[in-house]
1. Which net charge results when you count Lys and Arg as +1 and Asp and Glu as -1 among the other residues whose beta-carbon is under 11 Å from that of residue 38?
2. May I ask you to compute the full-extension gain from residue 43 to residue 62, defined as 0.36 nm times their residue separation minus their alpha-carbon distance, rounded to one decimal in nm?
3. Ignoring ligands, DNA and RNA, what accessible area per residue does the chain give at 1.4 Å, in Å²?
4. For the chain, which whole percent of the accessible surface, found with a 1.4 angstrom probe, sits on carbon and sulfur atoms?
5. What whole-number distance in Å separates the alpha-carbon centres of the range 84-124 and the range 28-44?
6. Would you grab the residues whose amide H sits under 5 Å from the one on residue 16? Only those 5+ places off in sequence or on another chain, please, with H modelled 1.01 Å from N.
7. Tell me, in nm to one decimal, what length is gained between residue 73 and residue 121 on full extension, where the rule is 0.36 nm per residue of separation less the Cα-Cα distance?
8. What nm distance separates the two modelled labels at residue 54 and residue 108, each placed 7 Å from Cα along Cα→Cβ?
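The values are calculated or read from the model by the stated rules, or taken from the named source; none is laboratory data. A quick note: this is a predicted structure, and the numbers were derived from the prediction, not measured. In this analysis, Cβ positions are derived from the backbone assuming ideal geometry, glycine residues included, and neighbour counts consider all displayed protein chains. Ligands, DNA and RNA are stripped out before the accessible areas are found, and what is left, the full protein with its side chains, is counted by its heavy atoms. Shrake-Rupley method; radii C 1.70, N 1.55, O 1.52, S 1.80 Å.
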Amino acid sequence: QVQLVESGGTLVQAGDSLRLSCAASGHTSSSLTMGWFRQGPGKEREFVATISRIGGRTLYADSVMGRFTLSRDNAKNTVYLQMSMLKPEDTDVYYCAARSGNNPYRESNTYDYWGQGTQVTVSS
């Protein structure tokens, strides 16, 4: 199995930048796709961004495109979500996710492993 450890969530002000990290450990593979989802109270889990290990193919939600940048350090099995120009509506619990295979998908049900979530709060 794969374990995901998230870090970086905190309280920030609108317009600020924040970087989230997710480190994968355990039985990782060269084709492990990693990404981020977010979910608020009473809402469905929402796709944010994902990136494949080989080739670095990325997908972004329309709501974050141009503001969020996803990258990964394959040597460290770590993915980074660089968030800029944060808005109050970005406030949510952010979950790291991973799936076996090198294809990035938006659908949450295609991901096999999940982190425990890290809280991002944007105040204004």
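1. Working: positive: 43, 45; negative: 44, 46, 89, 90, 92.
It works out to a net charge of -3.
2. On the way: separation 19, 0.36 × 19 = 6.84 nm, distance 1.75 nm.
Contour length minus Cα-Cα distance gives 5.1 nm.
3. On the way: 6230 Å² over 124 residues.
Roughly 50 Å² per residue, with all protein chains present.
4. On the way: 2850 of 6230 Å².
Carbon plus sulfur share of accessible area: 46 percent.
5. A separation of 5 Å, based on Cα centres.
6. 86
7. Values: separation 48, 0.36 × 48 = 17.28 nm, distance 2.57 nm.
Extra length available between residue 73 and residue 121 comes to 14.7 nm.
8. About 2.9 nm separates the two model spin labels.
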